[in-house]
Structures are given as C-alpha cells and as structure tokens.
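The values are calculated or read from the model by the stated rules, or taken from the named source; none is laboratory data. These numbers come from a predicted model, not from an experiment. Methodologically, a virtual Cβ is constructed for each residue, glycine included, from the backbone with ideal geometry; neighbour enumeration extends over all protein chains shown. Note: areas computed on protein heavy atoms with side chains; ligands, DNA, RNA excluded. Shrake-Rupley method; radii C 1.70, N 1.55, O 1.52, S 1.80 Å.
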Amino acid sequence: MKRQQKLLLITALLFAAPLLLAIALYIKPGLIQFGAKNHGLLVTPARPLDTIRLSVGDETKDKTMFEGKWTWTTFIEGPCAEVCAEQLYKSRQVRLALGKDMDRGQRLLVQVGEPAALAPELLEAHPDLIVAKADSSSAWLPQFHVDGDALNTDNLYLVDPLGNLMIYYPPSIEGPKILKDIQRLVRVSWIKPK
C-alpha cells in the first residue's frame, strides 16, 4: 500500500470513528460503563410521593412536609431495633456533618402499624427527629417498595425537596458515603429550605 493510500485510510477512520462508536452505543447502550458517583441505590425513575398521610402528634401531614428539605426517612414496625438505631445514627451524623447546610435536611421516623413506645434514650439522642405514625394499610406505603413486594424497614430512604423518593441506602452503606451523596446533592440543588 502506498503512503498516500495509508494516509487517506487513516484520515477516513478518524472521521468515521465517532460515527461508528455512536452506532455501537445505540445498538448496545451498556457497552461503555461510566462510573456512577452515587453510593446509594437510585430509584429510577424518582417516585413522586403524592398521597402521603402521616400523623405527627395531633396533626395530619401530607407531601408538603417534604417540601424544601432533603428528608432521610426510616420506617419501623414495632420497636426500634439495632438496624433502626444504626440508620437513625447515620442520618443524624450526616445531617450534623452538613454544617451550615444542616437546615436543608430533616429526619423522619415512620412507625407503621401499631406503634411501639420509643425508648426515652433514643428520643433524647435524636432531638431533631420527626416521629410519625402510619396505618399499615396506607395506600402510599407501596411507593417505598423499592427492592421487592414489601417495605424494607432496614433501608434509609432519601426524599428530595420536591417530595420525590430518589435514593435508598441499605444498612451496609456507611455514613461517610451517604454524606458524600447528600453533599453533592445539596451543592447542585437550587431549592432552598423553607
């Protein structure tokens, strides 16, 4: 092959390569794996929590309680056992680690079904925790069924400031990784706390 023909072939390949790559990615989208930056498990697509009804003290709350705040949500059925206590601890530490942005987040513990009395030392350790009650037959609870047909009370769920369930954290995900996720979200979010 002559030098001019090689040069022409190389030039043609340089112009054709992006087109060939685009066609390959169109045919097989998972061909190239781009690294995900989140540590939690994304809920795709994010789920709008429209029909929520919670009892917080003597008040009934709806979706508006999530507006303007990143909300770490934990569910329990019965007493707050070891996993529940650990998820509450993680959410508290993450919120405190946000420093000046701490007011952009809130923590919610939802007691599903017949609520058990929470230990006074648990409530004392988590003074900012919003404790709510929900009937186990509530129509909105299936919105939190992210990894099966039942509510996984071991998960820590993150609801965005618009009231959408977007990420959840199994107990195996450590607090510093949750903190990295929420710092990134708070930094890019244009929604300010109310």
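Tabulated values for the structure
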quantity	calculated
Per residue value of the accessible surface for the stretch 17-170 (all protein chains in place, 1.4 Å probe), Å²	54 Å²
Relative packing of peptides 112-122, 90-100, 161-171 - highest average C-beta neighbours within 10 Å first	161-171, 90-100, 112-122
Degrees between helix 175-188 axis and first principal axis of the chain (Cα, 0 to 90, nearest 10)	70 degrees
C-alpha long axis of helix 3-27 to longest principal axis of the chain, angle in °	30 degrees
Accessible area of the chain belonging to carbon and sulfur atoms, whole % at 1.4 Å probe	60 percent
Value of [θ]222 nm, deg cm²/dmol, for the chain, DSSP H segments ≥ 4, -39500 (n - 2.57) each, nearest 500	-10500 deg cm²/dmol
R0 of 30 Å, Cβ-Cβ distance ALA119-LEU96: FRET efficiency to nearest 0.05	0.90
Largest to smallest accessible area among LYS61, LYS37, LYS133 [probe 1.4 Å]	LYS37, LYS133, LYS61
Cα gyration tensor, the stretch 52-194 - rounded (a/c under 1.5), prolate or oblate	rounded
Cα shape, the stretch 139-182, gyration tensor, a/c 1.5 rule	oblate
